1. Evaluate the range 126-172: find the radius of gyration of its Cα atoms, find its Kirkwood radius, and give the ratio Rg to Rh.
2. Using just the alpha carbons, could you tell me how many Å³ per residue the convex hull of the range 1-52 encloses?
3. Excluding residues on the same chain fewer than 8 positions from K152, give the lysines whose Cα lies under 16 Å from its Cα.
4. What are the semi-axes of the equivalent ellipsoid for the range 192-265, taken as the square roots of 5 times the Cα gyration tensor eigenvalues, largest first, in whole Å?
5. With the calculation restricted to Cα positions, what are the radius of gyration and Dmax of the range 3-283 in angstrom?
6. Applying a 10 Å radius around every beta-carbon, put 14-24, 109-119, 145-155 in order of their mean neighbour count, most first.
7. Under the definition of Cα pairs under 8 Å and six or more residues apart, what whole-number percent is the relative contact order of the range 140-284?
8. In nanometres, what is the gap between the two model label sites at N26 and M1, each 7 Å from Cα along Cα-to-Cβ?
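Taken together, the values in this text are just the output of simple stated rules run on the coordinates, not laboratory data. Please read these numbers as outputs of a predicted model, since none were measured by experiment. Note: ideal-geometry Cβ built from the backbone for every residue, glycine included; neighbour counts use all protein chains shown.
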Amino acid sequence: MRITSSVVIFRANKDDLSKVISSVVNSRIEMLYIVDNSPHSEDAVRILAANPKTEYIFGQGNVGYGAGHNIAIKKAMSEGAEYHIVLNPDVEFKADVIEKMLMYADGHKETGLIMPKIFFPDGRIQYLCKLLPAPLDWILRRFAPSISAVRKRNEKFELRGSGYNKIMNVPYLSGCFMFFRTDVLRDVGLFDEKIFMYGEDTDITRRIHRKYQTVFFPDVSIIHKFNRKSYSNLHLLYIHIKSAIYYFNKWGWFFDSERGKINRKVLIEIFGNAGGKTDIKARV
């Protein structure tokens with residue numbers, strides 16, 4: 001198979017799952033692996049997954065988001081997939097999205113990962129292109145987002161000054177839609193299974209970005225509901241914090257020279273300066 005995809009679900013929202021399955025079935029994607037981490041397999045989910053372009057995987061237990069996708073990615077690799085797309089179960093997209101991303105990937109062999117432009121259902125853009133995070137970025141975004149200084153820091157962190165209207169090589173792309181070249185995954189490794197959920201996208205994008213292009217591709221767009229459940233669920237907040245601690249233990253807390261070098265390089269490439277300030281004259 002040339003191109004495959006996967007979603008990992010846990011007590012799935014059936015309406016959302018139906019939309020992502022429909023998006024895949026009507027596209028160039030040849031297979032969607034539905035990895036169900038739920039404690040019980042529901043008949044409604046099995047019925048939704050009963051399609052020649054889907055394969056339902058159940059029985060592994062709640063192994064986590066990244067580990068669930070790894071099950072599907074290994075299967076896709078064993079079946080010869082050149083590309084694999086990791087999807088959240090709350091996204092939807094038109095068929096031409098895959099066609100255009102496939103054409104870009106085929107023409108840019110240095111690219112290991114691609115993310116499209118992403119919108120909320122109401123049409124608002126989601127700012128999901130980010131620099132590599134320092135501990136303060138995640139802490140302040142989560143617990144003090146309304147403070148003026150935090151908002152300004154966040155605008156730089158999310159590269160908002162870029163306008164999100166050009167192709168960019170970004171070191172941290174969202175896990176809601178990740179278009180991978182499978183040979184690159186063989187080279188740098190799959191999702192880090194020590195991260196149960198949250199932050200696995202940061203980690204894998206960073207590992208790929210070291211050796212390949214990790215590209216924001218605004219020529220196509222998708223819809224993502226973006227529930228942010230960890231903002232309302234204490235257990236998920238605990239998981240989020242635990243994942244952040246693991247990530248910074250792995251890569252470095254306040255002493256991470258690679259983070260600084262990568263972020264400065266990205267800011268200069270996008271803005272022409274390391275401060276992340278938009279050159280208005282240059283953009284006019």
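1. 0.97
2. About 68 Å³ per residue, rounded to a whole number.
3. Straight-line reach from K152, under 16 Å: K130, K277.
4. Rounded to whole Å, the semi-axes are 23, 21, 10.
5. 18.3, 59
6. 109-119, 14-24, 145-155
7. It rounds to 27 percent for the range 140-284.
8. A separation of 2.0 nm, rounded to one decimal place.
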